Amino acid sequence: MANNIKAGSVLISAPLLEDSYFDKVVIYITEFNEKGALGFVMNQVFERRFNELTEFRNSKPLPLHEGGPVERESLYFIHRAPGSIQEGRPVADGVYMGGDFKQALEYINTAHDAESNIRLFIGYSGWDPNQLEAEIEEGSWLPVAASATTLFQTAEESLWEVLHRRVES
């Protein structure tokens with residue numbers, strides 16, 4: 001099962017995972033290779049909104065998300081707007097990681113659908129080579145099928161439950 005993990009994979013934390021940071025989280029994997037894995041927590045909203053960060057106080061009040069415990073002083077983003085935000089790296093299913101941040105700001109501030117097409121993260125979740133596979137094998141993470149639409153448009157507070165029901169059935 002762990003062999004099928006790739007960029008675009010979705011993992012949910014096992015119900016019995018004894019790590020409070022990763023309790024009932026949904027991870028979207030954006031990179032998976034011989035160097036390890038990188039992903040973002042999709043369903044934990046950060047305590048402040050984007051426009052509450054000093055340098056973005058004139059921006060729309062988009063939610064910020066807790067991407068993970070690594071490099072929490074940095075801002076990351078994924079999006080579904082390659083026509084508006086160039087230089088993003090394709091992940092899967094029409095989702096791109098990063099890109100031209102000035103274009104992302106313009107999109108955030110002018111697009112009526114920005115909140116359903118871009119996710120901003122404080123930090124990320126990372127794994128060393130073979131670490132994520134080992135955690136999946138031990139049962140800490142459960143791979144689950146989920147479309148980009150599900151990830152971007154399901155309310156954060158219910159996303160884990162929605163995806164956990166798919167694993168149970």
Inset, instruction - Please determine, by comparing only the residues of the range 138-161 that are out of contact with any strand residue (DSSP E or B) (no Cβ under 9 Å at 6 or more places or on another chain) and part of a helix (DSSP H, G or I), which one is nearest to A14 (Cα to Cα). - result: E161
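Of all residues being of a type in the set (V, I, T) and surrounded by fewer than 16 Cβ atoms within 10 Å (Cβ to Cβ) in the range 66-112, which is nearest to A146 (Cα to Cα)? Just the residue, please.
Let us first name the residues in the range 66-112 that are of a type in the set (V, I, T), namely 70, 78, 85, 91, 95, 108, 110.
From the residues that got through so far, the ones that are surrounded by fewer than 16 Cβ atoms within 10 Å (Cβ to Cβ) too are 70, 110.
On the way: V70: 24, T110: 28 Å.
My answer is V70.
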Inset, instruction - Write out, first by first residue and then by second, each pair whose Cβ atoms fall under 8 Å of each other, whose residues are 6+ apart or on separate chains, and whose first residue, in the range 122-147, is within 13 Å of N4 (Cα to Cα) and touching a residue at least 12 places away in the same chain (Cβ under 8 Å) while the second is polar (S, T, N, Q) and in a loop (DSSP other than H, G, I, E, B). - result: P143/S9
Legend entry - Near pairs, Cβ below 8 angstrom, 6+ apart or cross-chain, from the range 85-105 (under 17 Å from A7 (Cα atoms)) to any residue that is buried (at least 16 other Cβ atoms within 10 Å of the Cβ) and basic (K, R): G94/R80; V95/R80; Y96/R80
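L62: of a type outside the set (G, A, S) and touching a Lys or Arg at 6+ places or on another chain (Cβ under 7 Å), yes or no?
Working: of a type outside the set (G, A, S): yes; touching a Lys or Arg at 6+ places or on another chain (Cβ under 7 Å): yes.
For L62, the condition - of a type outside the set (G, A, S) and touching a Lys or Arg at 6+ places or on another chain (Cβ under 7 Å) - is met.
Take the residues in the range 30-55 that are without any contact (Cβ under 8 Å) to a residue 60 or more places away in the chain and under 28 Å from G8 (Cβ atoms); name whichever of them is surrounded by the most Cβ atoms within 10 Å (Cβ to Cβ). It would help to see each step written out before you state the result.
So the first thing to find is which residues in the range 30-55 are without any contact (Cβ under 8 Å) to a residue 60 or more places away in the chain, and the list is 33, 47-49, 51-55.
Adding the requirement that they be under 28 Å from G8 (Cβ atoms) leaves 33, 49.
Values: N33: 10, R49: 16.
It comes out as R49.
Every number in this text was worked out from the coordinates using simple rules, so none of it is lab data. Everything numeric here is computed off the predicted structure, so don't read it as measured data. Virtual Cβ from ideal backbone geometry, glycine too; neighbours counted across all protein chains shown.
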